[in-house]
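A short reminder: the numbers here are calculations on the coordinates, not readings from a lab. Please read all numbers here as calculations on a predicted model, not as lab measurements. Note: ideal-geometry Cβ built from the backbone for every residue, glycine included; neighbour counts use all protein chains shown.
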Amino acid sequence: MSALHLRQWPGQADRPALALHCMMGNASYWGPIAKALSDKVAIRAPDLPGHGQSPDWPGTPDFHTYTTRAVAPLIDRPMDLIGHSLGATVALRIAVAAPEAVRSLTLIEPVLFAAAPDPANDALMDDLAALLHAGQAEAATRRFLSVWGGLDWDAQTPTGRERLMRQMRLVVDSNSTLMRDGANILREGGLEGIDAPVLLVMGEDSPPVIADIADALAARLPDVGRARVPGAGHMLPITHPAQVAGLIGLNLDRA
């Protein structure tokens, strides 16, 4: 397995934190948040497989499993984990598997759809898979971004559009984990075994399924806080970094 490209920012070297980005993003967007939290932690953030400057996903095992296995070696001591969207589900998967490795856990818009099945969102994900398998990668990408991406397709360069369309196969492959809990993240006793403080963060204007997921996770986590950022949508670490950093800082202080 090839090593991930790792970005890191100055901070408190004796308290490392690991931040995991969303699908179709890259680790660079953690920069403003890392700077704001540099008095508390030193944040490192990998570009996930198939993103940024990291190697591509080779096709097996499934994308979520491959990503989790690539990230896990970066955790060499109890650490503050921060994740957004897909990255939040990877962070949660690690926390369930190895709760002793987690000092605090901040989950920003975790897209673990299996926690709160939603017919409308399930239909959207099924439609994306059908479009992609029919060779309509651009249509699938445009539709995905209209709900979950926060990007203006028309403002992207041709190279950027090609990259986003390539990443749609990662979106579709992740559905077995995110929609059907293929990684068994929601197994009995798993969430209950996380004894680190957890913070669930969401945007006020996010897709409705996010609130349902947060409700389902919060009902099972032993030590959990919740926060909603006014005026923010799914991409709040990019659009509202100051508010997100402030909330992460509160959870760091709880650990």
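Restricting attention to the stretch 225-255, the residues that are in contact with a Pro (Cβ under 8 Å, 6 or more places away or on another chain) and closer than 24 Å to GLU188 by Cβ add up to 1. In the stretch 102-110 there is at least one residue that is surrounded by 17 or more Cβ atoms within 10 Å (Cβ to Cβ), touching a residue at least 24 places away in the same chain (Cβ under 8 Å), closer than 30 Å to VAL41 by Cβ and out of contact with any helix residue (DSSP H, G or I) (no Cβ under 7 Å at 6 or more places or on another chain). When VAL147, VAL172, VAL198 are checked against the criterion of being under 24 Å from GLY225 (Cα atoms) and touching a residue at least 40 places away in the same chain (Cβ under 8 Å), a single residue qualifies: VAL198.
Only one entry in ASP80, ASP56 is over 22 Å from LEU199 (Cβ atoms) and among the acidic types (Asp, Glu), namely ASP56. Within the stretch 150-169, restricting attention to residues that are touching a residue at least 60 places away in the same chain (Cβ under 8 Å) and outside any helix (DSSP H, G or I), which residue is farthest from ARG93 (Cα to Cα)? Ranking the qualifying residues of the stretch 150-169, first place goes to LEU151.
This table checks each residue for (1) touching a residue at least 24 places away in the same chain (Cβ under 8 Å); (2) of a type in the set (Ser, Thr, Tyr); (3) under 25 Å from MET24 (Cβ atoms).
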position: GLY203; (1), (2), (3): yes, no, yes
position: SER206; (1), (2), (3): yes, yes, yes
position: ARG226; (1), (2), (3): yes, no, no
position: ALA232; (1), (2), (3): yes, no, yes
position: MET235; (1), (2), (3): yes, no, yes
position: LEU250; (1), (2), (3): yes, no, no
